[in-house]
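Take a look at the structure set out below.
The values are calculated or read from the model by the stated rules, or taken from the named source; none is laboratory data. No experiment lies behind these values; they were computed from the predicted model shown. Cβ placement follows ideal geometry from the backbone for every residue including glycine, while neighbour counts extend to all protein chains displayed. When the accessible area is computed, the model is the full protein with side chains, heavy atoms only, and any ligands, DNA or RNA have been set aside. Shrake-Rupley method; radii C 1.70, N 1.55, O 1.52, S 1.80 Å.
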Amino acid sequence: MRIILASSSPRRQELLTQLGLDFEVIKPDIDESRLPEEDLVEYAERLSREKATAVISSLDGRPSMVIAADTIVIDREGALLGKPADVAEARRMLRHLRARAHQVVTAFTVHRNTQPPQAYCGHARTAVYMRDYTDAEIDAYIASGDPFDKAGAYAIQNESFQPVARIEGSFSNVVGLPLAELQQALNEIGCEILPDD
């Protein structure tokens, strides 16, 4: 079966490789605007479904499975933190998150073009506790360019900045794809993946 990751994120590609799947990448083209008053988790789940649907609808008829995901950062007050547009916004986000807890939610959809089609949509949630990094560390991290394509303006796996003190939940979820939950979803729709010995 053809397996497609509906994401150009190198982090998601690296994570999906850990499941031992051979896959190709097709970046979906959708409107990612949030609907008025839309619940944040429902927003992420809707985007993951729309990404999967957009890619499935562009394919020929051969058996295919699309995996799509959307990751959001929710601060302690329940506000959505997206990807920073510029240096000032990245600095503001990182100061806002410093020495505080927030939530990272990754919604994912697995869609097979069987007859009838099979689809599974779910999400994982991780509590993330940031360390008390300094303004100088923020400035150095921003200068590296790393924050600008990441929700919340940080990467948990960045070895030089190391912004996170601890987490409660899935590490891979914070990176961008919750592997345990995704593996369960794949098994449920008939693409069984056995854990490594």
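Considering only C191, A143, A180, whose Cα is most displaced toward the positive end of the charge dipole of region 71-197, charges sitting on Cβ of Lys, Arg (+1) and Asp, Glu (-1)?
Projecting each Cα onto the dipole axis, the largest value belongs to A143.
With n ≥ 4 as the cut-off for DSSP H runs, can you work out [θ] at 222 nm for the chain, using -39500 (n - 2.57) per run divided by the number of residues, rounded to the nearest 500?
Numbers: 6 runs with 62 residues, N = 197.
Taking each H run of at least 4 residues, the total per residue is -9500 deg cm²/dmol.
Which number comes out as Rg/Rh for region 1-101 once both Rg and the Kirkwood Rh are worked out on C-alpha atoms?
That ratio equals 1.04.
Given springs between every Cα pair under 10 Å in a Gaussian network model of the chain, which of P36, P28, P178 has the largest fluctuation?
Taking springs between Cα atoms under 10 Å, the residue moving most is P36.
How much accessible area per residue does the chain have, in Å², with a 1.4 Å probe?
50
Out of the GluC sites (Glu not before Pro) in region 132-186, which ones are loop residues according to DSSP with at most 14 other C-beta atoms within 10 Å?
Details: sites: E137, E159, E168, E181; in loops: E159.
Counting only loop positions with at most 14 other Cβ atoms within 10 Å, the GluC sites (Glu not before Pro) in region 132-186 are E159.
Taking all protein chains in place and a 1.4 Å probe, what share, in percent, of the accessible surface of region 131-186 do carbon and sulfur account for?
C and S atoms contribute 49 percent here.
Once you have the alpha carbon radius of gyration of the chain, what is it after dividing by 2.2 N^0.38 Å, with N set to its residue count?
Output field value: 1.05.
Find how many whole Å separate the alpha carbon centroid of region 16-59 from the alpha carbon centroid of region 71-129.
The two parts, judged by their Cα centres, are 13 Å apart.
At a 1.4 Å probe radius, carbon and sulfur cover how many percent of the accessible area of region 31-122?
Values: 2170 of 4430 Å².
Accessible surface attributable to carbon and sulfur in region 31-122 totals 49 percent.
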